[in-house]
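I have placed the structure first, in the form of structure tokens, so that the comments after it can refer back to it.
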Protein chains: 2
Amino acid sequence: MFTDEYFMKMAFQEAEIAFEKDEVPIGCVVVSNNRVIARAHNLTETLNDVTAHAEMQAITSAANYLGGKYLINCTLYVTLEPCVMCSGALSWSQISKVVIGARDEQRGFINKNLSLHPKTEIVTGIMENECSSIVKEFFKSKR
Amino acid sequence: MFTDEYFMKMAFQEAEIAFEKDEVPIGCVVVSNNRVIARAHNLTETLNDVTAHAEMQAITSAANYLGGKYLINCTLYVTLEPCVMCSGALSWSQISKVVIGARDEQRGFINKNLSLHPKTEIVTGIMENECSSIVKEFFKSKR
């Protein structure tokens, strides 16, 4: 039951909420022991803040829940590959696993030759088509 | 009067406040038209939040002051070279100028071959010795 697809669907629901708010539709959840301890979606427009990416909010929120700044035994599910900023934050957090929906060849951290913490396992390509399509659809609607 | 040293001294004062709080002593200010519109110091321990670097807080605070997410015509003065996370945030902010006290060869963005926004001017080496010494002194006291 608690598959990567199961939790990525929840991250995708967060992306859909962002879309409805006219935000770039990216969502994520943080899971600890099969329990969702944080969920967030991009809010850069609403908050007028370039740092308000889904991952940044989820990291802060999860650390707050855990009462410690390191996200040990936690997995972050995010619909789009994290950017440089978010990959840096994930590195500092020492999170155990990051599951990525769609790749972001241009803005994502992987093609910048950045890595996360050595302890962090990375999985890509979960619900890739849906996670990619919602972002494309959003930008098409903006043209 | 309004030299880079003038504003770096204010950033350094923020680093000193961090030191007193037992936080890694890094401070910064954001300046717009020779006016300080944000000041911050590292608060990762106090807030239990790896994202609470001085620069991240200052970016959010400056955008809040300006009422817009882009830090156009702003300069950020920071005592230590920004890390990957903070360089990513500064890129998104399109800030006009970043003035760095001391380099951080290991954790800083420059040696990771990252760049800021193409519009952003970068200056390094302002109050380099003081900005470097306070961090070294902090970690020496921790051993």
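Each value in this text was obtained by applying a stated rule to the coordinates, not by laboratory testing. If you're wondering where the values come from, they're calculated on a predicted model, not measured in any experiment. All Cβ positions, glycine included, derive from the backbone under ideal geometry; neighbour counts span all protein chains shown.
Summing +1 for each Lys or Arg and -1 for each Asp or Glu among the other residues whose beta-carbon sits under 15 angstrom from that of B:His117 gives +3. Excluding same-chain neighbours fewer than eight residues apart, the lysines reachable from B:Lys21 by a Cα-Cα span under 21 Å are A:Lys69, B:Lys9, B:Lys136, B:Lys140, B:Lys142.
Add -39500 (n - 2.57) for each DSSP H run of 4 or more in chain A, then divide by its residues: what number comes out at 222 nm, to the nearest 500 deg cm²/dmol?
-12500 deg cm²/dmol
Ordering A:Cys86, A:Cys131, A:Cys28 from the fewest to the most neighbouring beta carbons within 10 Å gives A:Cys131, A:Cys86, A:Cys28. Select from region B:1-61 those GluC sites (Glu not before Pro) which occupy a DSSP coil region and have at most 14 other Cβ atoms within 10 Å, ordered by residue number. When the GluC sites (Glu not before Pro) of region B:1-61 are filtered for loop state and at most 14 Cβ neighbours within 10 Å, B:Glu45 remain.
Around B:Leu80, under 12 Å between beta carbons, what's the net of Lys plus Arg minus Asp minus Glu among the other residues? All intermediate terms of the calculation are to be shown ahead of the outcome.
Values: positive: B:Arg103, B:Arg107, B:Lys136; negative: B:Glu14, B:Glu55, B:Glu81, B:Asp104, B:Glu105, B:Glu128, B:Glu130.
Cβ neighbours under 12 Å give a net charge of -4.
Summed over all non-identical Cα pairs, the Kirkwood treatment of region B:46-143 gives a radius of 14.1 Å.
Order of B:Ile95, A:Ile122 from fewest to most other C-beta atoms within 10 Å? Please list the in-between numbers first.
Values: B:Ile95 26, A:Ile122 15.
Going from least to most buried by this count: A:Ile122, B:Ile95.
Mean separation of Cα pairs under 8 Å and 6+ residues apart, divided by the residue count of region B:1-133: what relative contact order is that in percent? Kindly include the intermediate steps, with their values, before the conclusion.
Details: 291 pairs, mean separation 28.1, N = 133.
RCO, region B:1-133: 21 percent.
Temperature 37 °C, viscosity 0.692 mPa s: under these conditions the Stokes-Einstein estimate for the protein assembly as shown, based on its Kirkwood radius over C-alpha pairs, is 171 µm² per second.
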